[in-house]
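What follows draws every value from the coordinates through simple rules; no lab data is involved. What you see is a predicted model, and the numbers here were worked out from it, not measured in a lab. Backbone-built Cβ (ideal geometry, glycine too); neighbour counts: all protein chains shown.
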Ligand code: ADP
């Protein structure tokens, strides 16, 4: 039985940093954000349904979905946001699971699903174990401002729009404290993987 690990955290808590370490260990990582972009590529089933629902006005000249335009529409309209999610979310889930199956068929003993909104999207039943990458709010704020060039206000608004990291931490099977150096984070990751007999 292959093990599926869910990797999650908050914005700028260090998920990508940990995902990169996992890939260096040759552990396959399936990135929900990448899949979410792939399923709305021109011609995909979700693309066709989005155009049917929202019309040609949300398309760029080359036929691709104008993400900013679509984002602006659903940002102000709860009903439309639900409609969009009802198209995109199942497509993302289906593709993630198909990719996981492909890895397992190839004999991979462990697959990681990197899902920033694992808890918010209620996807925890897809994984056997959950790793939460944790930082305290001051570190999160500082790293987010630096990485994205956000003001303190902009960064705080994004952090506070998510489920608190402390709550996510409480639902984790393992927590990586990423307040320290990258090396300290790698040490914790290796410890967890060893404990779970993955390495
Ligand atoms: P996420 O994927 O959760 O949004 P990232 O892995 O991109 O977070 O990390 C957020 C930012 O903080 C990035 O700029 C990254 O380089 C930096 N960072 C991550 N972990 C550390 C660390 N332990 N020490 C210093 N900077 C870090």
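Beyond 13 Å, what share of the Cα-Cα pairs of the stretch 117-162 remains, rounded to the nearest whole percent? Could the numbers behind the result be given before it?
Details: 648 of 1035 pairs.
Counting pairs separated by more than 13 Å, the tail of P(r) holds 63 percent.
Which FRET efficiency value, to the nearest 0.05, do you get for residue 124 and residue 44 by plugging their Cβ-Cβ distance into 1/(1 + (r/R0)^6) with R0 = 25 Å?
Values: r = 26 Å, r/R0 = 1.05.
Efficiency, from the Cβ-Cβ distance: 0.45.
With no solvent and one point per C-alpha, what does the Debye sum give as log10 I(q)/I(0) for the chain at q = 0.17, 0.19 Å⁻¹?
Values, matching the q order: -1.21, -1.35.
Output the Kirkwood hydrodynamic radius of the stretch 73-188, Cα pairs only, in Å rounded to one decimal. Spell out each step's value before the answer.
Values: mean 1/r = 0.0598 Å⁻¹.
Final number for the Kirkwood radius of the stretch 73-188 is 16.7 Å.
For the stretch 32-107, take N as its residue count and report Rg(C-alpha) divided by 2.2 N^0.38 Å.
Working: Rg = 13.7 Å, N = 76, 2.2 N^0.38 = 11.4 Å.
Taking the Cα Rg and dividing by 2.2 N^0.38 Å, one obtains 1.20.
Please give the length that would be gained between residue 64 and residue 187 if that part of the chain were fully extended, namely 0.36 nm times their separation in residues minus their C-alpha to C-alpha distance (nm, one decimal).
Numbers: separation 123, 0.36 × 123 = 44.28 nm, distance 4.23 nm.
In short, 40.0 nm is gained.
Please give the calculated 222 nm ellipticity per residue for the chain, where each DSSP H segment of at least 4 residues contributes -39500 (n - 2.57) and the sum is spread over every residue; nearest 500 deg cm²/dmol?
On the way: 9 runs with 105 residues, N = 199.
Rounded to the nearest 500, the figure is -16500 deg cm²/dmol.
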